[in-house]
Amino acid sequence: MSSSSSSSSLAAAWLVAFLVLALACHHEAATLSTASRWIVDQSGNRVKLACVNWPSHLEPMLAEGLSKQPVGVIAGDVAAMGFNCVRLTWPTFLVTNASYSDLTVAQSFLRLNLTESLAGIRANNPGIVDLKLIDAYKASSSRSLFLSFSSIPAATMARARATVVSSLGEKNVMVILDNHVSKPAWCCGNNDGNGFFGDTYFDPDVWVDGLTKMATMFAGVPNVVGMSLRNELRGPRQNPNDWYKYMQRGAEAVHAANPRALVILSGLSFDNDLAFINSRPLNLSFTGKAAFEVHWYSFSNTQEWASGNANQACARTSGGVSRKALYLLDKGWPVILSEFGVDNRGGNRNDNRYWGCVAAVAADMDLDWALWTLQGSYYLREGVLDLDEVYGVLDRAWAKPRNETALRRVQALQRPFRGPGSPRRRRTPRSSTRRRGRA
């Protein structure tokens, strides 16, 4: 490549980065903090996180579904269904390993032979095809440029609007960046090399470097309100001492790079266990910005839900979640239920029994939460092309809700019932909104 073409490419990349930030800044910034167990805004009023997970951590390293629908349409559907937040996943290697971070969207999909998905992306989201993966993901934090929108070519504006975080920002949807894995892959297994500090792909120094880069990159993006340090720590290496050593280090790194962001810490055993915090408190240099997260699925207690009385199963399993994680609410820490969900086809007996229990606990404690999951399908998951995600809120075509009844049950949990500035009475949840035509 000639020096002149290289300079032009670099200038174009910076221009797109600036525009993404500028577009995001047209929307109100949400700076969140903690007040005891509550997450609050700058006025001290409760902000209930009613999020949905949107994966971007699998081998293609692109937010799922962009081969099926325009990113703006998907972002609009997130907002129309009542979610005010997305837990957007990412792999460490996206920003720390050049063999991944230097790839464009097209290169990433071609190396995996995902030609059909790439054709769909060209049709639905042509502005991102030649972007680097991180540029397709992000809204950049270049704060020193001031340009007039009227002088920007239409094609460049389109590329800026095509990025995932900025599209969510345009719909006033908050984003939590979730470091899901190190090496891009489906998660999770005890021996997948991504589970705990020191595993094959989980170098603590590289991980902190990745957190720092992402926190810095998104520090100026108003709708990015938090960072989850790591999803589902697990495996034979896991132990509390290393958890404190590295999670506290990661938390400090994120806060130093982006003091505005909430810092969210997960526990051990697939994020089912934070009991060890009870005997050894977290030690951070900052206050008012840290929260914990916990996961709870029916398959965490398969035998409990498979047999016996459902009410008794609920009492036992919810009691276990409370002893291992939700007890922290009474100690003045926010605890986000950052993954829970069911098979939305409705035929899974264990899930059906579990749902009434987890929904009742979430309502009674008025938890912040992130439903698993948004996506109706995956580009590639565990070697299967276009795999149907039965836990997905959207159907396989990403065209409409998979199960309207299931969605209404989720929507009943979206509004705050308690906390500073919350309404005293529960309001009737909004009904689900059917998909509009393409924007």
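The values are calculated or read from the model by the stated rules, or taken from the named source; none is laboratory data. Predicted, not measured: the structure shown is a model, and the values here were computed from it. Because the Cβ atoms are built from the backbone with ideal geometry, glycine has one as well, and the counts that use them run over all protein chains shown. Heads up: the accessible areas ignore ligands, DNA and RNA and are worked out on the full protein's heavy atoms, side chains in. Shrake-Rupley method; radii C 1.70, N 1.55, O 1.52, S 1.80 Å.
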Next item on the list: Using Cα centres only, tell me the gap between region 62-76 and region 353-385 in whole Å.
Entry: 19
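What is the local net charge at ALA313, summed over the other residues whose Cβ is closer than 12 Å to its Cβ (Lys, Arg +1; Asp, Glu -1)?
Summing Lys/Arg as +1 and Asp/Glu as -1 gives +2.
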Next item on the list: Given a cut-off of 24 Å, name the pairs among LYS48/LYS245; LYS132/LYS289; LYS213/LYS331; LYS289/LYS324; LYS68/LYS171 whose C-alpha atoms lie farther apart than that in the structure shown.
Entry: LYS48/LYS245; LYS132/LYS289; LYS213/LYS331
Checklist line | Accessible area of region 231-348 belonging to carbon and sulfur atoms, whole % at 1.4 Å probe | finding: 47
Note to self: Can you tell me which aspartates and glutamates have their Cα less than 20 Å from the Cα of LYS400? Leave out same-chain residues fewer than eight positions away.
What the structure shows: GLU64, ASP77, ASP343, ASP386, ASP388, GLU389
Next item on the list: First select every other residue whose beta carbon is under 10 angstrom from the beta carbon of ALA185; then total the charges, Lys and Arg +1, Asp and Glu -1.
Entry: -1
Next item on the list: Enter the accessible area per residue of region 280-378 (Å², integer; probe 1.4 Å; all protein chains in place).
Entry: 38
Checklist line | Between region 302-317 and region 234-292, the Cα center-to-center distance that results, in Å | finding: 31
Next item on the list: Which order do the peptides 313-326, 71-84, 102-115 take when ranked by the mean count of other beta-carbon atoms within 10 Å per residue, highest first?
Entry: 71-84, 313-326, 102-115
Next item on the list: Would you work out what percent of the accessible area of region 367-417, with all protein chains in place, is carbon or sulfur (probe 1.4 Å)?
Entry: 55
